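Remarks on the structure that follows.
The values are calculated or read from the model by the stated rules, or taken from the named source; none is laboratory data. For clarity, every value in this text was computed on a predicted model and none was experimentally measured. Neighbour counts are summed over all protein chains in view; Cβ atoms, including those assigned to glycine, are modelled from backbone coordinates with ideal geometry. The area values use the complete protein model at the heavy-atom level, side chains included, leaving out ligands, DNA and RNA. Shrake-Rupley method; radii C 1.70, N 1.55, O 1.52, S 1.80 Å.
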Amino acid sequence: MSVAGHHAVVTGGGTGVGAAIARALVGAGARVTVTGRRAAPLDEIAAAHDEIAGIPCDVTDPDAVAAMLEAAARRFGPATILVANAGAADSKPFAKITAGDLRAMMEVNLTGVFNLWQAGLPAMTEAGWGRMIAVASMAGLRGYPYVSGYVAAKHAAVGLTRALSQELARTGITVNALCPGFTDTPLLERSIETIMATTGRSRGEAEKALVADNPQRRFIAPDEIAEAVLWLCSDGARSVNGQAIAISGGET
Ligand SMILES: NC(=O)c1ccc[n+]([C@@H]2O[C@H](COP(=O)([O-])OP(=O)(O)OC[C@H]3O[C@@H](n4cnc5c(N)ncnc54)[C@H](OP(=O)(O)O)[C@@H]3O)[C@@H](O)[C@H]2O)c1
């Protein structure tokens, strides 16, 4: 079994890691729906690939996610690969985080995963095959300073992955999380700009501080995460279930 002929939905698929995943899946023969709140990045990637369609959707809204999956199924058939990649990382010292800030991190990084997987489960159950993949983070496996809401939400996404993998283990559906270290995307660019603005450091110093977490001393490329998605979708990975897989150059 490969991804050829399958319909994959990738949230946050217009930019960064999600766009790399969408391109890799379509390159391997899947049809792909990409979602995100802004139409422009979705239109751009869809315009470049016949087998990619964009549907704007806020993953924090369960009704919008259900409607997006229905519209996606009308175009490409029921989705059997659900990549919950949409996420955001706000940075503030713990003492300054409001309950609203924490909720916002949980909404996009945890509830967004929950909404996609719960709305998409009936189609996978019907098919008797499915791949649920969360793009979590090394922040789902360890702590970092000044991003406690993000770290808490990504740990929760890993917890959801582990629990659901047990519940669905006899259904033909696997559930796994990918945990990248710092990856070269617009999200990382915003983190670098925040460090520069809040500490007065130069771009080079800010990049050096982040890259120091990776023993290979480099940022991860989005394509490396996309390759892991293809592998998780392969028949050879059918026994890989409930894992939180670090893609981090050896960062632990
Ligand atoms: N870059 C890193 O260093 C790194 C490391 C580890 C994990 N990750 C994770 O990788 C994933 C992808 O991030 P990225 O690095 O590729 O950054 P990115 O380019 O900013 O991607 C985030 C995507 O999520 C979408 N999104 C955000 N909030 C959303 C919402 N409420 N509803 C729907 N879509 C939403 C964004 O689109 P709209 O703004 O148009 O909604 C955007 O396309 C995230 O889960 C992130 O936490 C990133």
Inset, instruction - Tell me what the chain gives for mean residue ellipticity at 222 nm when only DSSP H runs of n ≥ 4 count, each as -39,500 (n - 2.57), the sum divided by the residue total, rounded to 500 deg cm²/dmol. - result: -14500 deg cm²/dmol
Inset, instruction - For the stretch 69-84, just list the computed ³J(HN,Hα) in residue order, Karplus coefficients 6.51, -1.76 and 1.60, θ = phi - 60°, integers in Hz, with x standing in for Gly and Pro. - result: 5, 5, 5, 5, 5, 4, 7, 10, x, x, 7, 10, 10, 10, 9, 8
Inset, instruction - Under 15 Å from the Cβ of K92, count the other residues' Cβ atoms, weight Lys and Arg +1, Asp and Glu -1, and hand me the total. - result: 0
Inset, instruction - Please identify every one of the trypsin sites (Lys or Arg not before Pro) in the stretch 169-245 that sits in a loop by DSSP and has no more than 16 other beta carbons within 10 Å of its own beta carbon. - result: R170, R201, R217, R218, R238
Inset, instruction - Tally up the carbon and sulfur contribution to the accessible surface of the chain as a whole percent, 1.4 Å probe, everything protein left in place. - result: 53
Legend entry - Alpha-carbon centroid distance for the pair the stretch 10-66 / the stretch 100-135, whole angstrom: 15
Legend entry - Convex hull (Cα only) mean projected area of the stretch 1-46, reported in nm² to one decimal: 2.8
Inset, instruction - Determine the sum of side-chain charges near A20: Lys and Arg each +1, Asp and Glu each -1, restricted to other residues whose C-beta is under 13 angstrom from that of A20. - result: -3
Inset, instruction - Rank these residues by their accessible area, most exposed first, probe 1.4 Å: F114, F219, F94. - result: F94, F114, F219
Inset, instruction - For the stretch 95-252, calculate the relative contact order in percent as a whole number, restricting contacts to Cα pairs under 8 Å that are 6 or more residues apart. - result: 27
Inset, instruction - With label points built 7 Å along Cα→Cβ from the Cα atoms of T98 and E51, find their separation and express it in nm. - result: 4.6
Inset, instruction - Pop out the ³J(HN,Hα) list for the stretch 188-198 in order, Karplus 6.51 cos²θ - 1.76 cosθ + 1.60 with θ = phi - 60°, rounded to Hz; leave Gly and Pro as x. - result: 5, 4, 5, 5, 4, 5, 5, 4, 4, 6, 8
